[in-house]
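So the structure is just underneath, and the comments pick up after that.
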Protein chains: 2
Amino acid sequence: MESPIHTYLQELHRDLAQLQDGAVATYIPELARADPNWFGLCVVTTAGSVYAAGDTEQAFTIQSISKPFVYGLALEDNSRAEVLAKVGVEPTGDAFNAISLEPGTGRPRNPMINAGAIAMAGMIAGRTPAVRLARILESFSKCAGRELTLDETVYRSEAETGHRNRAIGHLLRNFGILNEPPDPVTDLYFKQCSVSVTCRDLGIMAATLANKGVNPVTGKPALRGEYVESVLSVMASCGMYDYAGEWLYRIGMPAKSGVAGGVIAVLPGQLGIGVFSPPLDARGNSVRGIRVCDALSRSLDLHLFNTPQANGSVVRLRFTGAEVNSSRQRPAGAMQLLRGSGAAIQLFQLQGTLVFSTCEVVVRNVLGARTGLEHLVLDLKHALSIDESACRLLYQLGQELAAQGKTVTFSRSAHLPALRRYMKAKLGARFPADYRAYEDHDVALEWCENRWLEGRLPPDGDGSSRSVESYDLFQGLTLDEIAVVHSFLEPRSYRQHEVMVEIGAEAQEVFLLARGTAVITLEMANGTHRRLGVFSPGMAFGEVGMLDQAPRSAVVTAETDVECHLLRRADFEALGRTHPQIQITLLRNMALGLARLLRKATREIGVFDY
Amino acid sequence: MESPIHTYLQELHRDLAQLQDGAVATYIPELARADPNWFGLCVVTTAGSVYAAGDTEQAFTIQSISKPFVYGLALEDNSRAEVLAKVGVEPTGDAFNAISLEPGTGRPRNPMINAGAIAMAGMIAGRTPAVRLARILESFSKCAGRELTLDETVYRSEAETGHRNRAIGHLLRNFGILNEPPDPVTDLYFKQCSVSVTCRDLGIMAATLANKGVNPVTGKPALRGEYVESVLSVMASCGMYDYAGEWLYRIGMPAKSGVAGGVIAVLPGQLGIGVFSPPLDARGNSVRGIRVCDALSRSLDLHLFNTPQANGSVVRLRFTGAEVNSSRQRPAGAMQLLRGSGAAIQLFQLQGTLVFSTCEVVVRNVLGARTGLEHLVLDLKHALSIDESACRLLYQLGQELAAQGKTVTFSRSAHLPALRRYMKAKLGARFPADYRAYEDHDVALEWCENRWLEGRLPPDGDGSSRSVESYDLFQGLTLDEIAVVHSFLEPRSYRQHEVMVEIGAEAQEVFLLARGTAVITLEMANGTHRRLGVFSPGMAFGEVGMLDQAPRSAVVTAETDVECHLLRRADFEALGRTHPQIQITLLRNMALGLARLLRKATREIGVFDY
């Protein structure tokens, strides 16, 4: 099926291909050879989708679009203070080739004008020009997701005609902005401008900036996130030269153009745009490039400041221990206590990006709930990322709760290593003791239940066992009837971790637990395991399979050493013939047990309310 | 409990209160009376939380912070072209009181310098100066969430000394930027600058800009969203005068300061900041105001371009009709068909803000699933907002699918009226027929199931009925045994919509459906109703209550005219005494039915995997 996005881009391409305004750049002879009809556009999302229309594989030179990427590389290769000492970040209101050095210091006003860009080329790490060029090519290639090379013809043409830029290089040397012979640096600048790219490359490079420096197509890091912020800032304030204010106002995306006809625009967090069309306007920007960005911004609502509020959706799901319980099957008395536990146990499932303003909602909800919270679970399965301010808020929340004897337990947070690192650094010697994190949310919930039940129930130690007379399934039977059933039961022992029921096995029996606990586990499609139930002494399991004779659908394992009794189907059926009232009671108890589980499941489905 | 956010702001306040740099403005005598120790700061989130520290209730005059709000008002009162004809949007790189008129046209460069702001005061609607002032006060008051008034003393002081601004007014009249006598307009400008606010007001006003013009504390619209985008653009490029580039680079939030010591900063979609501290630096910005914004930006990671990717989380939940089914109980054959329906029926539950880049993920997932999709449900319960480009994508997706005989059904979309409006406009005469939207997701899913089963199952028309012999509950009984049970059954009829079971009623019987359908409904905490099950002829319901004798926990209503049989508990128990083998079969069938429902519920809980 054709994506409507692709259809739209093709329509836009067809419409704007009509536009015949502007003229191909001629200041470098080689650029003048470009076909004015070449026209490609490409939208790449931070989710890694690439949509392209037109001449997206035509090679051309990157020209000034190299400037933001080299600026980012200069920040990686030097301290920020060193970089800021060599180039400012203020817009000039002047054209691209204005020299615009600060009076006195000779510092170029910003890295998007040629003077600033040449200064930045001088800050790329490497002992020789060849090493520096290799570093630039490597960085650009990571951003584009393929190996980029130089267009030697354009480079030679630039080198032969770049007198103005050579003059700038000497001025920079004069002011001590360059501390080395300027010609090799200017030459490196010519080379960075002569890197050969396609429109598709530009789209992916722009999307890499939109994606905090991680190439969204390859998934590989290309530029450090902290510098991407700076790169986008100078693109926003200085990227379109004397058109910067109107560009931000109308189109609302940091952008950069090049005289070969390329344009990139970046909507941070969302997408990157690459356009290629050689005819330029009087300011040196691609005519169709600007029109494409304008049309996309309007029709796709891409303006940077057109930002809907999304803090509210950080809590994906929230419930109390009175509404949803762990899979541990507990005696009726314990279940009743939990059903009456109000808001003592609360689980918040968070989602999306955890930043200050989303975590604020969590903190406020937790602290604002004056309803007797004692044990909090923060389930992070659906959290996509976490920044330092969010880590700090969650840490502080934990400290605040701990000071009042309350607990915080994290679940499914392993995919956010920054949280663990932050907690480790903050807690020091109290780590990991004071950082409770489980990868199984069911275990996290059970921990809270156990903790809350402590002292409220008579302790039910590991060694506790139940006699046959007190099996739940035998409720309502007389002692004589129990004796009859007992004669059919087969005692069995299992070692801790031993498999009691294999998946797919024929269901021949019901298990009655005398001592120890057994856990039913399902292997999920993604290879993880999900606990379906944990059974304690006195309880029975396996009756569903025994009744419907379907193969076992889950694995049962001995969580501890286990002693139990087996009641086999054949014996159960025999009982029905000789002692129908006993079988009636057993069936009724089985049906009641299933009904209880069904009520619990229905209640929980209602809470999850997908 | 103390919020850690409040704690942090108080620490920051305490630290920066030490700072003694800067000098209180003296260019208006009245401003010079400010206490240099006054210092307040306030952070207001778009979720409506207000965090304040220090002198947040001290009144002072808004001064230049009025400019962005009056610019927004001018855009509301005029066409955008009219506004742009009177004032540009380019930064000047000059100081706040620079006159900076464009050569030739006399148009002020931007609305953040005094000349541009006076031009904008001239564009506020109203026949008399008093009406215009009332309009400005009303707009500011909506943004602040309380009624703001003029500080008459400061106004008189400004009016007595504002010669430079009067000169600007006359220049603007000279160039035809003002088309009326300039003094009343300049006077209105003095008044807008003299509106009395507190630091808390500024925080809320900033948060209103962060929240697309809706005051997040009152929840009321204050400024149209499309103009907020423009206001933030000029704040970003021109708000901090000749400090704009560095501000965007370091602090990364559109901002505005006033000479009385106020500063606002806006992180779109997330929060607004208000600071008040009278001592100013050489550029006329509050020293502590800048330091507060800087500290908050760093410690809370607030930079505009520090934007994590969040497109990926748009799909909150996704399942097929083979995994999760509607609550309609179907005969085993139909259920088996559905379990084998692969990806023919798919539900996508979307969440968060639906914009181009998030909807792109949806479209790609739907179109990319070459797995035999036939019927799609888009459940929008958790979608917070939708913009036009997202509406268009969903519309186009529907068209694309319809062209191939596939269907799209929306569920729970009533809170997004923009979607319905868009569909209505696009579909024209085909609306509402071609826009299928249900407020009950269960009904939406059932519609898809019914549609998919059509032609695959023998039709099961409304009039179909089942004989007693074919009741599911009687499976395994001989005809003679059925005759025995039949003698205990009581026939009953219900009209369509009649209540068959009241909530809380004593559970005395099991219902056996002969004709028509019955629906079990639960009223949720929020007053909505949730279908738990829909039963068809041949099926039984009410057995759980009959077994465990708990009061009925849900309402059952006749969906159509219904004929059924009741089997009362007393008769069921009597059967057990006289015909135990019959009761054994009935109990076994009940247990098997419950086991089937439990397996389905467990599977669905696994799919929801909270």
Among the residues of the range B:395-413, how many are hydrophobic (A, V, I, L, M, F, W, C) and at pLDDT 95 or above? 2
Can you tell me which residues in the range A:416-431 are surrounded by fewer than 21 Cβ atoms within 10 Å (Cβ to Cβ) and in contact with a Leu (Cβ under 8 Å, 6 or more places away or on another chain)? A:Leu416
So, in the range A:571-601, of the ones that are free of Cβ contacts under 8 Å to residues at least 12 places away in the same chain and more than 9 Å from chain B (Cβ to nearest Cβ), which residue ends up farthest from B:Val315 (Cα to Cα)? A:Thr578
Which condition number in (1) within 23 Å of B:Gly312 (Cα to Cα); (2) assigned to a loop (DSSP other than H, G, I, E, B); (3) within 14 Å of chain A (Cβ to nearest Cβ) is the one that B:Gln404 fails? (1)
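In the list B:Glu559, B:Glu604, which residue meets the criterion of being at the interface with chain A (Cβ under 10 Å from one of its Cβ atoms) and acidic (Asp, Glu)?
After ruling out the rest, the residue left standing is B:Glu604.
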Just to be sure before I move on: is A:Ser194 more than 14 Å from chain B (Cβ to nearest Cβ), surrounded by 24 or more Cβ atoms within 10 Å (Cβ to Cβ) and closer than 20 Å to A:Gly284 by Cβ in the structure I sent? yes
Selection from the range B:143-154 of residues surrounded by 22 or more Cβ atoms within 10 Å (Cβ to Cβ) and either assigned to a helix (DSSP H, G or I) or among the polar types (S, T, N, Q) (or both) yields B:Cys143, B:Ala144, B:Val154
Output for the range A:98-140, where each listed residue is surrounded by 18 or more Cβ atoms within 10 Å (Cβ to Cβ) and of a type in the set (Ser, Thr, Tyr): A:Ser100, A:Ser139
So, A:Val89, is that one in a strand (DSSP E or B) and not assigned by TED's automatic domain parsing to the domain that holds A:Gly352 or not? no
What are the residue pairs meeting all of these: first residue in the range A:431-455, first residue more than 18 Å from A:Phe319 (Cα to Cα), second residue of a type in the set (Phe, Trp, Tyr), Cβ atoms under 6 Å, and 6 or more apart or on different chains? A:Ala437/A:Phe410
Filtering the range B:520-535 down to residues that are away from chain A (no Cβ under 12 Å) and surrounded by 20 or more Cβ atoms within 10 Å (Cβ to Cβ) yields B:Val534, B:Phe535
Please go through (1) among the charged types (D, E, K, R); (2) within 8 Å of chain A (Cβ to nearest Cβ); (3) touching a strand residue (DSSP E or B) at 6+ places or on another chain (Cβ under 7 Å) for B:Glu229 and return the number of the only condition it doesn't satisfy. (3)
Going residue by residue through the range A:552-560, is there one that turns out to be among the hydroxyl-bearing types (Ser, Thr, Tyr) and within 21 Å of A:Phe488 (Cβ to Cβ)? no
For the range A:292-301, which positions are touching a residue at least 24 places away in the same chain (Cβ under 8 Å) and more than 7 Å from chain B (Cβ to nearest Cβ)? A:Val292, A:Cys293, A:Asp294, A:Ala295, A:Leu296, A:Ser297
Just name the residue that is modelled with the lowest pLDDT out of those in the range A:351-375 that are more than 22 Å from A:Val214 (Cβ to Cβ) and either surrounded by 24 or more Cβ atoms within 10 Å (Cβ to Cβ) or at the interface with chain B (Cβ under 7 Å from one of its Cβ atoms) (or both). A:Leu367
Mind listing just one residue for me: the one in the range A:1-59 that is β-branched (Val, Ile, Thr) and more than 14 Å from every other protein chain (Cβ to nearest Cβ) and, of those, nearest to B:Gln404 (Cα to Cα)? A:Thr56
Within the range A:303-313, which residues are within 22 Å of the chain's Cα centre (by Cα) and facing chain B (nearest Cβ under 7 Å)? A:Thr307, A:Pro308, A:Gln309, A:Ala310, A:Asn311, A:Gly312, A:Ser313
Selection from the range B:208-228 of residues outside any loop (DSSP other than H, G, I, E, B) and surrounded by 24 or more Cβ atoms within 10 Å (Cβ to Cβ) yields B:Thr208, B:Leu209, B:Ala210, B:Val228
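If I filter the range B:201-217 down to residues being touching a helix residue (DSSP H, G or I) at 6+ places or on another chain (Cβ under 8 Å) and not aliphatic (A, V, I, L, M), which single residue comes out as farthest from the other protein chains (Cβ to nearest Cβ)?
B:Asp201
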Among (1) touching a Lys or Arg at 6+ places or on another chain (Cβ under 9 Å); (2) of a type outside the set (Asp, Glu); (3) in a helix (DSSP H, G or I), which single condition is A:Ala429 missing? (1)
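Residue-wise test of (1) part of a helix (DSSP H, G or I); (2) surrounded by 22 or more Cβ atoms within 10 Å (Cβ to Cβ); (3) without any contact (Cβ under 8 Å) to a residue 60 or more places away in the chain.
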{"site": "A:Ala159", "(1), (2), (3)": "yes, no, yes"}
{"site": "A:Arg166", "(1), (2), (3)": "yes, no, yes"}
{"site": "A:Gly176", "(1), (2), (3)": "no, no, no"}
{"site": "A:Glu180", "(1), (2), (3)": "no, no, yes"}
Go through the range B:56-73 and give me each residue that's touching an Asp or Glu at 6+ places or on another chain (Cβ under 9 Å) and not polar (S, T, N, Q). B:Ala59, B:Phe60, B:Ile62
Looking only at the range A:280-322, count every residue that is of a type outside the set (Ser, Thr, Tyr) and part of a loop (DSSP other than H, G, I, E, B) and tell me the total. 17
Can you name every one of the strands (runs of 3 or more DSSP E) wholly within the range A:436-504 that holds 3 or more residues which are assigned by TED's automatic domain parsing to the domain that holds A:Thr517? A:490-494, A:499-501
What single numbered condition from (1) under 24 Å from the mean Cα position of the chain (by Cα); (2) over 20 Å from B:Glu82 (Cβ atoms) fails to hold for B:Glu226? (2)
Tell me, which residue of the range A:334-348 that is touching a residue at least 40 places away in the same chain (Cβ under 8 Å) and within 28 Å of the chain's Cα centre (by Cα) is surrounded by the most Cβ atoms within 10 Å (Cβ to Cβ)? A:Ile345
Can you tell me which of (1) away from chain A (no Cβ under 12 Å); (2) touching a helix residue (DSSP H, G or I) at 6+ places or on another chain (Cβ under 9 Å) is the one B:Leu384 doesn't meet? (1)
Checking the conditions here, which among B:Arg316, B:Arg330, B:Arg283 is within 13 Å of chain A (Cβ to nearest Cβ) and over 35 Å from the mean Cα position of the chain (by Cα)? B:Arg283
Could you pull out every one of the strands (runs of 3 or more DSSP E) wholly within the range B:505-589 that has 2 or more residues that are over 26 Å from A:Arg603 (Cβ atoms) and over 37 Å from the mean Cα position of the chain (by Cα)? B:509-515, B:562-568
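The values are calculated or read from the model by the stated rules, or taken from the named source; none is laboratory data. On a predicted model such as this, the values are computed, not experimentally measured, just so you know. Positions of Cβ are backbone-derived with ideal geometry, glycine not excepted, and every protein chain shown enters the neighbour counts.
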